[in-house]
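A short worksheet on the structure shown next.
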Amino acid sequence: SGGRHYFESETLGAPERDLLGPCVEAGAQVGLEVHPIIGLGAVSATAGEGLYDPGPADEPLPSWALNWPCAAWSENRSRTCAVAREMMETYRPDGLHMDYLRYPNSLVLNTHPCRCERCQAEREQWLGKPLLDADDLQNPGTVYQEIKMRGRFVKSVVHGLREVADDAAAPLSLAARARYLKDAVPEGQDWVEWCAEGLLDFVCPMSYNPCHDRFQRFVAEHTGLLTGVGTPLFGGIGRSSSLGRIDAQEMAAQIRHAAAQGAEGICLFHVRALEEEGLAVLKELAEELK
């Protein structure tokens, strides 16, 4: 939302405008659940404090990385939970959905671990120095400890949001990184562990991909990871995402495949890309897959 918020909040101040209230009201009228999103986004950090610090780079880094609140800051963690509690108490939505609940993308993070003052202070305790050098980034033990540190900070936010959801008797879910070991774990988002510990009521891996074979591999991996865990899986289908766009027929094929593999639902991204043809296909599938 470009640093703006669209719900009433004493913590954040005046909103751009209130969209959450009308969404919850409209949902109640038609029997549609509304689960607002919360995470380590623009609501977490203020005035440039507590942001991920990549340190010097040979080439310009993505602007989104430079504006990413770091989970090592207790202020960011508590602020995120405080805003979530305000949303749940003010609007009484049907659930709470976590997104961007992690460190920045591993594409940047793997070569530029955070150098903010809180991450440096934490490393002093387990590494004996504040910064990782090139040799450290090649040492499996050091990388393990670094990832464990990130995971501990991010997971503490999940525990806080779990408490908020429980107090509201509402489910807590997650838009999870699709590449579990390549992205999710290094970024501190060990969603399989969170599921195993009962922190999530359902999980929505973002397995968006216009390639049907790649989508199938994602679904197979995710269902395998959750075997025996019991957390409901919602297959993530990218109608239109950064990876590309699929037509209504491919959307239907991916929905059928996810259902056949045991997914209890789908997470479709995003609604503006549906259009009339897509809505008609969804209506047909709703009847077919009852």
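The values are calculated or read from the model by the stated rules, or taken from the named source; none is laboratory data. What you are looking at is a predicted structure, and each value in this text was computed from that prediction instead of being measured. Quick reminder, even Gly has a Cβ in these numbers, built from the backbone with ideal geometry, and neighbours come from all protein chains shown. Note: accessible area is taken over every heavy atom of the protein model, side chains too, but ligands, DNA and RNA are not part of it. Shrake-Rupley method; radii C 1.70, N 1.55, O 1.52, S 1.80 Å.
Put simply, the Cα atoms of the range 201-290 extend 39, 29, 22 Å along their principal axes, the longest span coming first. Shown in residue order for the range 96-102 are the 3J(HN,Hα) couplings computed by the Karplus curve 6.51 cos²θ - 1.76 cosθ + 1.60 at θ = phi - 60°: 9, 10, 8, 9, 6, 9, 4 Hz (x for Gly and Pro). Counting protein heavy atoms only, the chain has 51 percent of its accessible area on carbon and sulfur, 1.4 angstrom probe.
Our compactness index for the chain, the C-alpha radius of gyration over the empirical 2.2 N^0.38 Å, is 1.03. The solvent-accessible area of LYS283, taken with every protein chain present and a 1.4 Å probe, is close to 150 Å². Once the 1.4 Å probe is applied to the protein heavy atoms, the chain comes out at 50 Å² accessible per residue.
In this structure the amide hydrogen of PHE202, modeled in the peptide plane, comes within under 5 Å of the amide hydrogens of LEU172, LEU174, none closer than 5 places in sequence on its chain.
By how many degrees, 0 to 90 and rounded to 10, does the Cα axis of helix 74-91 deviate from the longest principal axis of the chain? In the chain, helix 74-91 runs at an angle near 20 degrees to the longest axis. Axis angle, to the nearest 10 degrees, between helix 212-225 and the longest C-alpha principal axis of the chain: 70 degrees. Convex hull volume of the C-alpha atoms in the range 243-290, normalised per residue: 79 Å³. ARG17 sits among other residues whose Cβ lies under 15 Å from its own Cβ, and their net charge, with Lys and Arg +1 and Asp and Glu -1, is -3. Residue by residue, the range 27-32 carries 3J(HN,Hα) couplings of x, 4, 5, 10, x, 10 Hz when phi is fed to the Karplus relation 6.51 cos²θ - 1.76 cosθ + 1.60 (θ = phi - 60°); x denotes Gly or Pro.
If you take all other residues with their beta carbon under 9 Å from the beta carbon of ASP183, and give Lys and Arg +1 and Asp and Glu -1, the sum is +3. Roughly how far apart, in whole Å, are the Cα centres of the range 127-200 and the range 69-118? Each part's Cα centre sits 11 Å from the other's.
Cysteines in the chain lacking any other cysteine Cβ under 4.7 Å from their own Cβ: CYS23, CYS70, CYS81, CYS116, CYS195, CYS211. Residue order by solvent-accessible surface for ASP201, ASP135, ASP213 is ASP135, ASP213, ASP201, largest first, with ligands and nucleic acids left out and a 1.4 Å probe. Label separation (VAL271 vs VAL143): 4.1 nm, computed from points 7 Å beyond Cα along the C-beta direction.
In this structure the amide hydrogen of LEU268, modeled in the peptide plane, comes within under 5 Å of the amide hydrogens of ILE237, none closer than 5 places in sequence on its chain. Relative intensity of the range 39-112 on a log10 scale, I(q)/I(0) at q = 0.19 Å⁻¹, equals -0.79, per a Debye sum over C-alpha point scatterers of equal strength in the absence of solvent. Of the GluC sites (Glu not before Pro) found in the range 112-157, no site is in coil according to DSSP while having at most 10 other Cβ atoms within 10 Å of its Cβ. Counting only protein chain heavy atoms and rolling a 1.4 Å probe, the accessible areas of THR223, THR80 rank, largest first, as THR223, THR80. Quick one: net charge around THR231, please, counting Lys, Arg +1 and Asp, Glu -1 for every other residue with C-beta under 12 Å from its C-beta. Result for the local shell: -4.
The helix-only estimate of mean residue ellipticity at 222 nm for the chain, built from DSSP H runs of length n ≥ 4 each weighted as -39500 (n - 2.57), is -13000 deg cm²/dmol after division by the residue total.
Can you sort ILE266, ILE237 by solvent-accessible area, 1.4 Å probe, largest first?
ILE266, ILE237
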